[in-house]
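Enquirer: Once you've had a glance at the structure underneath, I'll fire off some questions.
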Amino acid sequence: MPSLTPIPTVLRIDIEPDEFQPEVGQKPWQGFVSMATLTEELRERLASRSGHAFHPTWFLRLDPDIERCFGRVDFVVHRHSNLFDRLVAHSDPLGIHVHPHRWDEKRSVAFSDHADDAWTTYCLTVAAEAFAHCFGEPVRRSSQGGYFLTETILDAAIAAGIKVDVTAEPGLPPKTADPSFGAYATGPSGDFRDCPRRPYYPSRNRLTVPSSSIADSRPILIVPLTAYDYLTALQPWPRRFAKRLLRRPRRHLPLNPFKEWRSPKIYWDLVAQAADDQPACYFALAMRTDTPGSVGHERYRQLLEYLPNHPIAERLRFVDPLGPEIRSLATPVRE
């Protein structure tokens, strides 16, 4: 019998330029406009299914490369102020999404400078200060671009007053190439293969290890994106049974909505299974404001438009990652 337990859900939407490597010029961010319109259309439908308001969490690009491309670091807030007024009126949570993109003068390309700790820290600090200037309050939420979360970045986020980060993707190995890096990267992305599959406060020794005590705990909550052994779940039942019988290890991978899924129904079926399978029942996913008509945009749109038709819509509670519904799920620590 299907579970009726509510599922606290974090929908992380990274507000970015339409292209991974935008040209210099003050073009509107049409992907953001389209995503904001889509979520507006979904608010009433999802609220009527669950009985709870629909609150995505929006993470803005406010880092130095935005200023290089668009003339000001707060370009998206300045250009699309009407959309942000609407999000604030809905009480949607806001945060920053940071890419350590840098300009390579010789090659005339942007790249991710993962190897320079001072640069990655600077990018986060610029974004945090820009957020405070735009919204009149300190930033409390972050997600890091390019799957890149390090000990240095985490400590810089804590120093900036950030209380929750939604970057980690359990099961994901380091990447050496990805469109989100720009033209290239000077080092691999984060290593999340051993990351917990539940919210946790990280140890002072290693960001992918939950703290063992209050003294060992860093004052920031990490909310990993949801991962599940969906490759096995999609196999015919005889193979699933054989794997369980042989006690083969499970391989949890992120349920990223930008991947190609067989159908929206199958995706949300897997989400329901994953939420109930995790050590703590919750769901977290990430989307990017891709240009309208792109493959990524169409995949996001199809999944979101189908969601109100799926039974899981009655269980999902779209909440602030910093709210009590998520914090209560964190790995407990000893006094």
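Enquirer: Over what distance in Å are the Cα centres of segment 131-167 and segment 14-88 separated?
Expert: Here the two parts' Cα centres lie 18 Å apart.
Enquirer: Okay, moving on. How far apart, in nanometres, would the label points at D276 and D85 be if each is projected 7 angstrom from Cα along the Cα-to-Cβ direction?
Expert: Result for the modelled spin labels: 4.6 nm.
Enquirer: Here's a follow-up. Report, in degrees rounded to the nearest 10, the 0 to 90 angle that the Cα long axis of helix 264-277 makes with the longest principal axis of the chain.
Expert: 70 degrees
Enquirer: Same structure, new question: What does the helix-only formula give at 222 nm for the chain: each DSSP H stretch with n ≥ 4 adding -39500 (n - 2.57), the total divided by the residues, and the result rounded to the nearest 500 deg cm²/dmol? If you can, show how the numbers build up before the last one.
Expert: On the way: 11 runs with 113 residues, N = 335.
Helix contribution divided over all residues of the chain: -10000 deg cm²/dmol.
Enquirer: Under 5 Å between amide hydrogens, which residues at least 5 positions from A185 or on another chain qualify, with H placed 1.01 Å from N in the peptide plane?
Expert: S112
Enquirer: Given the whole protein assembly as supplied and a 1.4 Å probe, what does the accessible area of L234 come to in Å², nearest 10?
Expert: Around 50 Å² of this residue is reachable by solvent.
Enquirer: For the pair K259/Y184, report the inter-label distance in nm, with labels modelled 7 Å from Cα in the Cβ direction.
Expert: The answer from the label model is 3.0 nm.
Enquirer: Taking loop as defined by DSSP and a crowding limit of 13 other beta carbons within 10 Å, which chymotrypsin sites (Phe, Trp or Tyr not before Pro) in segment 1-95 fit?
Expert: Values: sites: F20, W29, F32, F54, W58, F59, F70, F75, F84; in loops: F20, W29, F54.
Passing sites in segment 1-95 do not exist.
Enquirer: With the chain treated as a Gaussian network of Cα nodes joined by springs under 10 Å, which of H252, H55, H80 yields the largest mean-square fluctuation?
Expert: Greatest mean-square fluctuation among the candidates belongs to H80.
Enquirer: Segment 26-82: which trypsin sites (Lys or Arg not before Pro) are DSSP loop and have at most 15 other beta-carbon atoms within 10 angstrom? Before the final figure, lay out the partial values.
Expert: Numbers: sites: R43, R45, R49, R61, R68, R72, R79; in loops: R61, R72.
Here the trypsin sites (Lys or Arg not before Pro) that fit, given the DSSP loop and packing criteria, are R72.
Enquirer: Among L124, V109, G95, whose Cα projects farthest towards the positive end of the dipole of segment 85-139, with charges put on the beta-carbon of Lys, Arg (+1) and Asp, Glu (-1)?
Expert: Among L124, V109, G95, the one farthest towards the positive end of the dipole of segment 85-139 is V109.
Enquirer: Next question, about the same structure. Using modelled backbone amide H atoms (1.01 Å from N, in-plane), which distant-in-sequence or interchain residues come within less than 5 Å of L60's amide H?
Expert: Those lying under 5 Å, H to H, from L60 are I15, G95, I96, H97.
Enquirer: While we're on this one: Suppose R0 equals 41 Å; then what is the FRET efficiency for D117 and Q302 from their Cβ-Cβ distance, rounded to the nearest 0.05?
Expert: Numbers: r = 40 Å, r/R0 = 0.96.
It comes out at approximately 0.55.
Enquirer: Taking the chain as the reference, fit the longest principal axis to its C-alpha atoms, fit the long axis of helix 30-50 to the helix C-alpha atoms, and give the angle between the two in degrees, 0 to 90, nearest 10.
Expert: 30 degrees
Enquirer: Quick check: pseudo-label points 7 Å beyond the Cα along Cα→Cβ at L4 and K106, how many nm apart are they?
Expert: 6.6 nm
Enquirer: Subtracting the Cα-Cα distance from 0.36 nm times the residue separation, let me have the gained length for E44 to T232 in nm, one decimal. Working shown, then result.
Expert: On the way: separation 188, 0.36 × 188 = 67.68 nm, distance 3.51 nm.
Difference between extended and current length: 64.2 nm.
Enquirer: Please turn the phi angles of segment 4-11 into ³J(HN,Hα) values with the Karplus equation 6.51 cos²θ - 1.76 cosθ + 1.60 (θ = phi - 60°), one per residue in order, whole Hz, x for glycine and proline.
Expert: Using θ = phi - 60°, the values come out as 10, 5, x, 10, x, 10, 10, 9 Hz.
Enquirer: To continue, here is another question. Over the chain, with the other protein chains present, what is the accessible area per residue in square angstrom, probe 1.4 angstrom? Intermediate results must be reported in sequence, preceding the final value.
Expert: Working: 14890 Å² over 335 residues.
Per residue, the chain has 44 Å² of solvent-accessible surface.
Enquirer: Then there is this: Let's test the formula: R0 of 30 Å, r as the Cβ-Cβ distance of K27 and N309. What FRET efficiency results, to the nearest 0.05? Walk me through the numbers before you get to the answer.
Expert: Numbers: r = 35 Å, r/R0 = 1.15.
It comes out at approximately 0.30.
Enquirer: Sort segment 136-232 into rounded, prolate or oblate with this rule: let a ≥ b ≥ c be the square roots of the eigenvalues of the Cα gyration tensor; rounded if a/c is under 1.5, and if a/c is not under 1.5, prolate when a/b is larger than b/c, oblate otherwise. Could you put the intermediate results ahead of the total?
Expert: Working: a/c = 1.76, a/b = 1.21, b/c = 1.45.
Taking the square roots of the gyration eigenvalues as a ≥ b ≥ c, segment 136-232 is oblate.
Enquirer: For K175, list the lysines whose Cα falls under 24 Å from its own Cα; do not include residues on the same chain fewer than 8 positions away.
Expert: Here the lysines satisfying the reach criterion relative to K175 are K259.
Enquirer: So if each residue of separation counts as 0.36 nm, and I subtract the Cα-Cα distance between S328 and V209, what length gain in nm does that give? Walk me through the numbers before you get to the answer.
Expert: Numbers: separation 119, 0.36 × 119 = 42.84 nm, distance 1.79 nm.
Length difference between fully extended and current span is 41.0 nm.
Enquirer: Let me ask something else about it. Taking amide H atoms as placed 1.01 Å from N in the peptide plane, list the residues 5 or more away in sequence, or in a different chain, whose amide H sits under 5 Å from that of V109.
Expert: For V109, whose amide H was placed from the backbone, the distant partners under 5 Å are D104.
The values are calculated or read from the model by the stated rules, or taken from the named source; none is laboratory data. These figures come from a predicted structure and were not determined experimentally. Heads up, the Cβs are rebuilt from the backbone with ideal geometry, glycines too, and the neighbour counts pull from every protein chain shown. Note: areas computed on protein heavy atoms with side chains; ligands, DNA, RNA excluded. Shrake-Rupley method; radii C 1.70, N 1.55, O 1.52, S 1.80 Å.
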